[in-house]
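The values are calculated or read from the model by the stated rules, or taken from the named source; none is laboratory data. Note that this is a predicted model, so its numbers are computed, not measured. Positions of Cβ are backbone-derived with ideal geometry, glycine not excepted, and every protein chain shown enters the neighbour counts.
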Amino acid sequence: MKTKIILSVVTLLSINMCASATLIGHDGFDTAGTIAGQTGGAGFGWDNLNDVMTTTISDWDNTGGTPSVVAGQLITHGSSAKREYNGVLEGPGTNDAPNTERAGAFRGNGTVYYSVQMTRTTGADWSGLSGYDFGSEKVFFGVPGGQGAAKVFGVQVSGGGAKSLSTMSVV
């Protein structure tokens with residue numbers, strides 16, 4: 001799938017009936033080349049334990065193939081990448097230091113909103129975003145695969161779990 005993605009991640013936290021939103025990260029892909037190791041954009045240093053932005057910015061990782069940035073677009077076409085909300089130290093680890101992916105993890109509270117601009121390649125079977133729990137994909141949202149010719153948007157629990165499809169056709 002050829003995909004142009006502009007990624008924004010926002011968290012909405014509720015405390016005592018007051019709501020506030022914080023931009024966790026935004027990447028307009030203003031770099032070029034292989035995405036792995038890149039730290040462009042703004043944010044991606046969110047410490048969810050202390051509700052603050054840190055200077056420990058996460059980087060992009062390949063999860064399959066060799067996705068790259070070309071002319072301000074993340075091109076995945078048969079590959080994929082992920083980026084943590086925080087930290088230069090990746091994985092579940094054993095502590096909650098502010099420079100870890102673990103510090104940026106959501107722990108059963110709060111709401112995360114994603115905003116993406118995506119262009120699909122004609123004939124692509126699937127395309128979208130996934131939410132990870134460290135190295136394990138947990139939920140996929142976008143255009144789930146295996147739908148045949150008449151594709152719609154949907155959400156699916158990863159690993160063949162429950163799938164909820166919309167009636168909105170993909171164009």
*Top-ranked residue of the stretch 106-129 - restricted to ones that are in a strand (DSSP E or B) and among the polar types (S, T, N, Q), ranked as surrounded by the fewest Cβ atoms within 10 Å (Cβ to Cβ)*: S115
*Within the stretch 61-95, how many residues are exposed (fewer than 13 other Cβ atoms within 10 Å of the Cβ) and in contact with a helix residue (DSSP H, G or I) (Cβ under 7 Å, 6 or more places away or on another chain)?*
2
*Pull up the stretch 1-43, narrow it to residues that are part of a loop (DSSP other than H, G, I, E, B) and modelled with pLDDT under 90, then point me to the one that is nearest to V88 (Cα to Cα).*
T31
*Which one is farthest from F29 (Cα to Cα) among residues in the stretch 65-78 that are small (G, A, S) and at pLDDT 90 or above?*
G65
*Would you be able to tell me the number of residues in the stretch 64-105 that are in a loop (DSSP other than H, G, I, E, B), within 15 Å of D47 (Cβ to Cβ) and in contact with a Gly (Cβ under 7 Å, 6 or more places away or on another chain)?*
5
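Could you tell me whether any residue of the stretch 152-169 is under 22 Å from G41 (Cα atoms), charged (D, E, K, R), more than 14 Å from the chain's Cα centre (by Cα) and not in a loop (DSSP other than H, G, I, E, B)? Full working, then the answer.
Taking the stretch 152-169 as the starting set, the residues that turn out to be under 22 Å from G41 (Cα atoms) are none.
No, the stretch 152-169 contains no residue that is under 22 Å from G41 (Cα atoms), charged (D, E, K, R), more than 14 Å from the chain's Cα centre (by Cα) and not in a loop (DSSP other than H, G, I, E, B).
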*Keeping to the stretch 46-60, report how many residues are acidic (D, E) and surrounded by fewer than 16 Cβ atoms within 10 Å (Cβ to Cβ).*
1
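Is it the case that D61 is part of a loop (DSSP other than H, G, I, E, B) and free of Cβ contacts under 8 Å to residues at least 60 places away in the same chain?
Taking the combined requirement at face value, the residue does not satisfy it.
Consider A103 carefully, then state whether it is touching a residue at least 24 places away in the same chain (Cβ under 8 Å), of a type in the set (A, V, I, L, M), surrounded by 15 or more Cβ atoms within 10 Å (Cβ to Cβ) and over 30 Å from V171 (Cβ atoms).
yes
With respect to F134, determine if the residue is of a type in the set (F, W, Y) and touching an Asp or Glu at 6+ places or on another chain (Cβ under 9 Å). Spell out how you get there, then give the answer.
On the way: of a type in the set (F, W, Y): yes; touching an Asp or Glu at 6+ places or on another chain (Cβ under 9 Å): yes.
It is true that F134 is of a type in the set (F, W, Y) and touching an Asp or Glu at 6+ places or on another chain (Cβ under 9 Å).
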